[in-house]
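The values are calculated or read from the model by the stated rules, or taken from the named source; none is laboratory data. On a predicted model such as this, the values are computed, not experimentally measured, just so you know. Heads up, the Cβs are rebuilt from the backbone with ideal geometry, glycines too, and the neighbour counts pull from every protein chain shown. Calculation scope for accessible area: heavy atoms of the full protein, side chains included, ligands and nucleic acids excluded. Shrake-Rupley method; radii C 1.70, N 1.55, O 1.52, S 1.80 Å.
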Amino acid sequence: MEFELDQGTLASLVSRAALGLAGRPILPVLAGVRLEAGEGYVEAAATDGDVWVRVREPAAVKEAGSALVPGKLLDSVVRSLEEGEVRVASGPGGVEIAGEPSRFVLRALWGDEFPALEAEEPAVGEMEGVDLQKAVHQVGRAAAKEEARPVLCGVLVEWGKDEATLVATDTYRLATRSVRAEGSAGEGRGVVPLRALQIVQRLATGRVRVALGERRAVFRGEGWEVGARTLGGEFPAWRTILPQQPALVVRAARKGLAEAVRRASLVVEAGRPVRLEVGPGGLTVRGEGAELGEAEERVPCQAQGEMVVGFNPGFLLDGLGALEGEEVELGLQAPLKAATVRDPEDPSFLYVVMPMRL
């Protein structure tokens, strides 16, 4: 293998592919980035065994071939080079990376053990990359962080005729967003690892083609591909647990409420709620800690009714932070029934959070 590529382009190629590297590789090959040179192109690929990333750039290729190089080291080396043309060539002694005035020879990994990346799935449809990025940003925060139920660590992607719906839940809160989709070749459904979607979020520009199969999901853009094995297990029947008409609707300034909750949480011990009191005088946010003290803040709001409800401050802040509008609408049913957080101007996103006992 031998090719030449501009340092900036090579650095971008390697760093994007390195997003697929395993954080703690269980096999040496999962710590490597595979460089493959073909007719007029260079491709870099990495995988952790479940999620893979492939990135391709046009290049001046003198000899086709491939080599597997330690990914983090390769990324650091290429970034460190001066601007200009970089020559990459593989040989018996390793992989040579040379760009004036520097020259490196990196020991190659045993490339024959690099996992075969999954075969192509037929495309389900397309969407705008910016819409997918926003949806992952909003919905991903509700995915479970612990792997007691692996299926909850992912995001359910449901593809219909004209739109795709992304859903995540850790059973304490749920987030869902609908995104306009076009060119659908049929319906698809799968639970995609959040890590894969977060990589897509970083790479997505322009149109993104999506393929959903029984065992894998693949996202493709101009010059890149992210794929993942879908997560097994039964995802909750999320539509059946969405709250119905709320008993009390509270409308307030989103940033003002978020800051009040954040300040009140400073005196709240871990695992304890902040208290929201809705009454004739408006909305009062309280925080109390037996060892730390107490906090109280009034927040102007519009509401017809009274209720006192407690929330995990982190979960509530996640919901408020997912919105972009000036106002937030809280839909309250009862002190211990699920509440909704939404932007009154954006019906495509909904955040549901369970209250805590006071």
*Looking at the range 308-320, which of its residues are buried (at least 18 other Cβ atoms within 10 Å of the Cβ), assigned to a strand (DSSP E or B) and either among the hydrophobic types (A, V, I, L, M, F, W, C) or in contact with a Gly (Cβ under 7 Å, 6 or more places away or on another chain) (or both)?*
VAL309, PHE311
_Just the residues that are open to solvent by 10 Å² or more (accessible area, probe 1.4 Å) and under 29 Å from ALA338 (Cα atoms), please, taken from the range 175-187._
THR176, ARG177, SER178, ARG180
*asked:* Checking the condition touching an Asp or Glu at 6+ places or on another chain (Cβ under 6 Å) and either assigned to a strand (DSSP E or B) or open to solvent by less than 70 Å² (accessible area, probe 1.4 Å) (or both), which residue from GLU294, GLU269, GLU329 passes?
replied: GLU294
*Which residues, taken from the range 33-64, are touching a residue at least 60 places away in the same chain (Cβ under 8 Å), within 16 Å of ALA116 (Cα to Cα) and more than 23 Å from the chain's Cα centre (by Cα)?*
ARG34, LEU35
*The lone exception for LEU30 - which of (1) at pLDDT 95 or above; (2) closer than 23 Å to ALA217 by Cβ; (3) part of a helix (DSSP H, G or I) it fails*: (1)
_With more than 16 Å from ALA322 (Cα to Cα), charged (D, E, K, R), surrounded by fewer than 15 Cβ atoms within 10 Å (Cβ to Cβ) and touching a residue at least 60 places away in the same chain (Cβ under 8 Å) as the only criterion, which of GLU126, GLU146, GLU113 stands out?_
GLU113
*Looking only at the range 227-248, which residues are touching a helix residue (DSSP H, G or I) at 6+ places or on another chain (Cβ under 8 Å) and surrounded by 17 or more Cβ atoms within 10 Å (Cβ to Cβ)?*
GLY227, ALA228, LEU231, PHE235
*Of all residues in the range 272-287 being modelled with pLDDT under 95 and part of a strand (DSSP E or B), which is surrounded by the most Cβ atoms within 10 Å (Cβ to Cβ)?*
GLY282
*Looking at the range 249-262, is at least one residue modelled with pLDDT under 95, farther than 30 Å from GLU126 by Cα, open to solvent by 10 Å² or more (accessible area, probe 1.4 Å) and among the small types (Gly, Ala, Ser)?*
no
*Go through the range 149-192 and count every residue that is assigned to a strand (DSSP E or B), at pLDDT 90 or above and not charged (D, E, K, R).*
18
*Could you please find all residues in the range 193-226 being of a type in the set (D, E, K, R) and not in a helix (DSSP H, G or I)?*
ARG207, ARG209, GLU214, ARG215, ARG216, ARG220, GLU222, GLU225
*asked:* Kindly evaluate THR205 against the criterion of being polar (S, T, N, Q), in contact with a Ser or Thr (Cβ under 9 Å, 6 or more places away or on another chain) and either modelled with pLDDT of 95 or more or open to solvent by 40 Å² or more (accessible area, probe 1.4 Å) (or both).
replied: no
